[in-house]
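The structure appears below as structure tokens.
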Amino acid sequence: MGKRVLAGLIVGACWLAVLLFAPGWLLFLLLLAMTCRCQYEFYGMLRDGAPRTVCSPVWGMAMGSVWLLFCFLFPYGHPVSAYGDAVLGALLFVFLLRVMFLPKTARSLQYAAVTLLGFFYLPFMLVFFIRLAQWGATGIGELSPNRTGIYLALYLAILVKFNDVGGLAFGIPFGKHKLLPEISPKKSWEGFFGGLLFCLSFGVGLVALAHACPTLPLAPLQQLSYAQAAAIAGALAVFGLLGDLIESHFKRLAEVKDSAPLLPGMGGILDMFDSLVFAPAFFYFCLKWIL
């Protein structure tokens with residue numbers, strides 16, 4: 001536990017510094033690198049685990065990189081962004097042409113299915129970190145004015161990660177009632193409600209700070225009521241937990257403990273990002289709907 005907390009603090013401090021000060025192109029490259037690493041661990045976990053699946057990490061990461069680059073260059077509001085569906089369709093079409101020339105065996109279907117699963121599970125979902133960072137931007141490769149979107153992404157990450165912290169803080173000493181033992185034996189209802197309490201506290205507290213300090217570049221948060229902030233925080237706690245449980249399910253299928261032996265006490269990059277996979281898309285569209 002001590003190694004996990006220390007590693008988490010170091011990684012969190014590095015990401016905070018990057019989010020606050022790095023230029024847009026560097027943020028994109030770091031997200032691209034992290035996404036590719038998560039994909040690589042996902043494919044390796046399934047390929048080397050008990051199922052012995054076949055897949056193509058190269059094709060999966062290549063499709064993910066093209067998709068991330070397109071979304072970074074053309075934020076919502078730019079005329080070219082309307083062709084996103086065409087880009088996505090072209091990526092799938094080219095990949096399926098590749099599958100068509102594989103040997104005609106049942107494993108060819110598995111190759112296609114697992115490769116596409118890795119694409120839609122990770123880069124397709126994590127691209128919403130870019131959408132948040134570009135909140136209100138319309139120019140090619142721009143961040144949002146005054147880095148407002150960066151603070152939105154930071155707000156999201158704080159809530160989801162403190163949901164994880166609350167889950168550990170309450171789940172380890174008080175966890176008596178298992179949540180889904182067949183998927184994640186260590187998760188408990190006590191941990192879930194502890195994480196929810198942390199997430200609600202930080203969610204409403206940061207919105208209160210945004211209201212109290214109108215000079216901060218937090219315009220979207222300043223437009224949220226406390227009831228809306230609590231509802232969003234509660235939903236983010238659920239999406240964070242589901243992201244964690246989905247990756248735990250993949251690990252159990254592969255019969256591995258961690259996605260990769262990379263970080264002391266924490267496993268791989270995917271183990272660190274799992275709770276953040278689905279939350280950005282929900283948060284982005286929730287803000288679009290409310291604001």
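The numbers here are math on the coordinates, done by the rules we state, and not lab data. Everything numeric here is computed off the predicted structure, so don't read it as measured data. Please note: Cβ atoms are built from the backbone with ideal geometry, for glycine as well, and neighbour counts cover all protein chains shown.
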Links exceeding 32 Å between C-alpha atoms in this model, out of Lys161/Lys288; Lys176/Lys257; Lys178/Lys288; Lys161/Lys257; Lys186/Lys288, come to Lys178/Lys288; Lys186/Lys288
Roughly how many Å is it from the Cα centre of segment 29-46 to that of segment 239-276, as a whole number? 12 Å
Which order do Val87, Val18, Val160, Val114 fall in if you start with the one that has the fewest other Cβ atoms within 10 Å? Val18, Val87, Val114, Val160
Farthest towards the positive end of the dipole of segment 2-290, among Phe101, Ala219, Leu168 and with Cβ unit charges of +1 on Lys and Arg and -1 on Asp and Glu, lies the Cα of Phe101
Which residue, chosen from Leu29, Ser201, Ile269, occupies the Cα position most advanced towards the positive end of the dipole of the chain, where the dipole is computed from +1 (Lys, Arg) and -1 (Asp, Glu) charges on Cβ about the Cα centre? Ile269
Computed [θ] at 222 nm, helices only, for the chain once each DSSP H run of length n ≥ 4 contributes -39500 (n - 2.57): -24000 deg cm²/dmol
Whats the longest run of the chain with zero GluC sites (Glu not before Pro) that are DSSP loop and have at most 13 other Cβ atoms within 10 Å? 1-181
Whose amide H sits under 5 Å from the amide H of Phe74, counting only residues 5 or more places off or on another chain, with H placed in the peptide plane? Gly141
Rounding to the nearest 20 debye, state how big the charge dipole of the chain is about its Cα centre with +1 on each Lys and Arg Cβ and -1 on each Asp and Glu Cβ. 400 debye
Those aspartates and glutamates that a straight Cα-Cα span of less than 20 Å connects to Lys251, excepting residues fewer than 8 apart in one chain: Glu41, Asp48, Asp164, Glu182, Asp271, Asp274
Taking His177, His78 and counting other beta carbon atoms within 10 angstrom, the fewest-first order is His177, His78
Kirkwood-based Rg to Rh ratio, the chain, C-alpha trace: 0.98
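By count of other Cβ within 10 Å, fewest leading, how are Asp244, Asp48 ordered?
Working: Asp244 23, Asp48 12.
In order of increasing Cβ crowding within 10 Å: Asp48, Asp244.
Restricting attention to segment 85-181, which trypsin sites (Lys or Arg not before Pro) occupy a DSSP loop and are surrounded by at most 11 other Cβ atoms within 10 Å?
Listed in order of number, the matching sites are Lys104, Lys176.
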In sequence order, calculated HN-Hα J values of segment 34-39 (Karplus, 6.51, -1.76, 1.60; Hz; x Gly/Pro): 5, 5, 4, 5, 4, 4
Give the residue list of chymotrypsin sites (Phe, Trp or Tyr not before Pro) in segment 78-125 that are DSSP loop and have at most 13 other beta-carbon atoms within 10 angstrom. Phe101
